[in-house]
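The values are calculated or read from the model by the stated rules, or taken from the named source; none is laboratory data. Note that the coordinates shown come from a computational prediction; the quantities given were computed from them, not determined experimentally. Note that each Cβ is placed from the backbone with ideal geometry, even for glycine, and that neighbours are counted across all protein chains shown. Ligands, DNA and RNA are stripped out before the accessible areas are found, and what is left, the full protein with its side chains, is counted by its heavy atoms. Shrake-Rupley method; radii C 1.70, N 1.55, O 1.52, S 1.80 Å.
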Amino acid sequence: MEVLRDLLRYDRRFLIGFIITVLVLLVFPLSLLSPYEPTARRVVPTNLPPSWEYPLGTNALGQDIAWNLIFAVRNTLIIGLLSALLSRMIATFNGLISGYIGGVTDRVLSTITDSLIVLPRLPILVFLSFVMRGQLSIWGIALILAFLDWAWPSKRYRSQVLSLREREFTETALFSGMSTFSVVTREHLPFLVPYIMADVISGFIWAMGMEITLSVLGLTSLSIPTIGTMIYWANYYQAILRGIWWWIGPPVVVAIATVIAFYLLSVSLSEFLDPRTRLQRIKVRPEMG
Amino acid sequence: MHLLKRYIIPRLIQWLVVIFVGVTVAFIVPRLSPLDPVQNTLNRMAVYGLMYPEAVESLRATLEELYGLKGTVFEQYIAFWKRLLTGDFGPSLSVFPTPVIQLILQALPWTIGLLVTSTITAWILGIVIGTLAGVYSESRFSKVLETLVMCISPIPYYIMALTLVLLFAYLIPIFPLAGGAAIGLRPSFSWTFISSVLKHGFLPAFSLVIISMGWYFLSQKALTSTLVASDFVTYARIAAVPRRTILYRYLIRNSLLPQATDLALGLGSVFGGALITEVVFSYPGIGQVLNTAIFQGDFNLMMGIIILSVVGIATGALIIDLLYPLLDPRVRYH
């Protein structure tokens, strides 16, 4: 809690990121209040510009854009968070085992990880979702994204564990009779938690970008509102050429704001956690001028 | 000899594993699909006119053979590899008898031209600006620059590209909306053709440069600011080594190693094309071909592109790994 207060007070980036994030997270309670079903169409007059009754106007499908946007942001957040959490869980597990046990286990796991890192993800993702066209629920997308995004973080966590293993407290723990499992989970994991937290955010940003990419190509189930499918339908009905800016504008703006907010949080957090940059902040760094 | 055994052979094995996994995935996934490509094609043909049942059956047999769906799964898999090794990706299903490889080769020059240029430009710009910002990290200019990059680089690429199109091709039409060159121009070494290619390529290249430069910039800045604080730089300064020498010979050389890996992976991914870039800017490269393949349900074409991009990126990684001992003396002696 104290950390949070300090960050809010001294780091402007954290403050901005925090405020936007809180605003964005409001969509979860708001979505429960919606008068419409998320997938309902033709419930309001079409293509009305923003007014008091419809704060963000309505679209060609007869949806109230404000409520549609709330559902869309909620679903995209679910996809992003679920995929980021899942992939980091796999990564943590794999990284800890591979780094701590070492030997043949490490070599096999590392080869798999390294192979996944160089696999081109977008074409594979496109291929997978093409094959399951239209049947991908938001959970399905989150699962696939998670599976494709654990390799890099796993490699990073592994190198962290490698250096932790050489520290004295590992020996102490071992000599006092702790099992491998508890050394890893009770002694090493706490050191990794901060890195993982900052990393979850970058996983979220990636997953969100991929969701938008896939939806824009029409490869997800298009009736479920997400930021990506909103842009897809706006493009489908030529919103730009017809000048319906209130349809294409909101998802784009919200996507940019969310991503920047999360990114600011992650940068600010990881800088706060990195002892090297902490030294830089209190200016003990030699001047190169 | 030691280097060969400890370093080169494991890398070669990894290269083979990656390609094996990629190709196997490309083989398995369509077979798990609920869509049957043969039935799909038959349905499409049935639209053009009534067919006799015998004709349909013989057509089905021909198609199964063409798509490599004959025999047990294992036999199919072996046949699949045999064809791949001879560079035969089968016929395209949407542009029927044209071989997939021919479609890919037609689009490849556009993609290579666009992506190689923009990747290298972004890499060089990112490193130069990143180094300067890392060295003079207290200056106002570098702080403004960093904030700017931090707000731009996480934006999903599609949204960035869309915004650029809206701004510079639609609202302020300085650049053409679509295509690789003006319609009707034949590829030649004339000024009209080249200038048209440059004009059409600028906006897509620009969008790619902005996005990828951000990452190079941030990582280079982080690398440099750690290096600036490290002992050897302090010693060099105490020993009165000129600042220029420290900057160019020590800082850039040391930070180039991890960046070289990124460049190699970036160049390796050229074969996958820039799907979104080419779709948004209607650029006639591999990404556009892949997009068409998606919409037409052209399995063979999709598979060909995916396999090519797996091979491309794996080979890029392999080459840089093999060059690494030349760049980094530490790997040689380890």
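For n ≥ 4 DSSP H runs only, could you compute -39500 (n - 2.57) per run for chain B, divide by its residues and tell me the 222 nm figure to the nearest 500?
Taking each H run of at least 4 residues, the total per residue is -23500 deg cm²/dmol.
Where the convex hull is taken over the Cα atoms of the protein assembly as shown, what is its projected area averaged over directions, in nm²?
Average projection, Cα convex hull of the protein assembly as shown: 35.4 nm².
Please compute one quarter of the surface area of the Cα convex hull for chain A and express it in square nanometres.
The Cα convex hull of chain A, projected and averaged over all directions, gives 20.4 nm².
Suppose every Lys and Arg Cβ carries +1 and every Asp and Glu Cβ carries -1, with no other charges. What dipole size does segment A:131-222 come out with about its Cα centre, to the nearest 20 debye?
Value, rounded to 20: 160 debye.
Students sometimes get this wrong: rank B:R83, A:R42, B:R237 by accessible area, probe 1.4 Å, all chains present, largest first.
A:R42, B:R237, B:R83
Residue farthest toward the positive end of the dipole of chain B, with Cβ of Lys/Arg at +1 and Asp/Glu at -1: which of B:T117, B:A240, B:N291?
Final value for the positive-end residue is B:A240.
Using a 10 Å cut-off on Cβ to Cβ distances, tally the other chain neighbours for every residue of B:303-316 and report the average as a whole number.
3
Determine, from the Cβ-Cβ distance of A:I90 and B:N43 and an R0 of 45 Å, the FRET efficiency 1/(1 + (r/R0)^6), rounded to the nearest 0.05.
Plugging the Cβ-Cβ distance into 1/(1 + (r/R0)^6) gives 0.70.
Of the listed peptides A:18-27, B:19-28, what is their order by residue-averaged count of other C-beta atoms within 10 Å, with the highest listed first?
B:19-28, A:18-27
Over all residues in B:146-157, what is the mean tally of Cβ atoms on other chains that come within 10 Å of each residue's Cβ?
Neighbouring Cβ atoms belonging to other protein chains average 5 per residue here.
Could you order A:D149, A:D114, B:D88 so the one with the most accessible surface comes first? Probe is 1.4 Å.
Output order, biggest surface exposure first: B:D88, A:D114, A:D149.
Roughly how many nanometres apart are two label points built 7 Å out from the Cα toward the Cβ at A:R107 and B:A61?
It is 5.1 nm.
What accessible area, in Å² to the nearest ten, does a 1.4 Å probe give for B:V149?
Counting only protein heavy atoms, B:V149 exposes about 20 Å² to solvent.
Run the 1.4 Å probe and let me know the accessible area of B:L323, rounded to the nearest 10 Å².
In the full protein context, B:L323 sits at about 80 Å².
Going 7 Å from the Cα of B:I13 toward and past its Cβ, which residues in segment A:85-114 have a backbone nitrogen under 13 Å from where you end up?
So the set is A:104-112.
Suppose accessible area is computed on protein heavy atoms with a 1.4 Å probe; arrange B:R31, A:R88, B:R6 from highest to lowest.
Result of the area sort, largest leading: B:R6, B:R31, A:R88.
Considering every Cα-Cα pair within segment A:230-277, what fraction, in whole percent, is farther apart than 15 Å?
More than 15 Å apart: 58 percent of the Cα pairs in segment A:230-277.
Per the Kirkwood definition applied to all pairs of different Cα atoms, how many angstroms is the hydrodynamic radius of segment B:131-181?
Over segment B:131-181, the inverse of the mean reciprocal pair distance is 13.3 Å.
Give me the three principal axis extents of chain B from the C-alpha atoms, as integers in angstrom, largest value leading.
Result for chain B: principal-axis Cα extents of 89, 60, 38 Å.
Test of understanding: what is the full-extension gain from B:K82 to B:L177, defined as 0.36 nm times their sequence separation minus their Cα-Cα distance?
29.9 nm
Students often check this: by mean Cβ neighbours within 10 Å, which of B:106-118, B:281-293 ranks highest, and how do the rest follow?
In decreasing order of mean packing, B:106-118, B:281-293 become B:281-293, B:106-118.
Not counting the cut sites, what is the longest span of chain A without GluC sites (Glu not before Pro) that DSSP labels loop and that have at most 11 other Cβ atoms within 10 Å?
A:167-286
Helix-derived [θ] at 222 nm for chain A: sum -39500 (n - 2.57) over DSSP H runs of at least 4, divide by residue count, nearest 500?
-23000 deg cm²/dmol
How crowded by other chains is B:22-28, given as the mean number of beta carbons from other chains within 10 Å of each beta carbon?
Whole-number average of other-chain Cβ neighbours for B:22-28 is 2.
Considering only B:V100, B:I155, B:I194, whose Cα is most displaced toward the positive end of the charge dipole of segment B:98-239, charges sitting on Cβ of Lys, Arg (+1) and Asp, Glu (-1)?
B:I194
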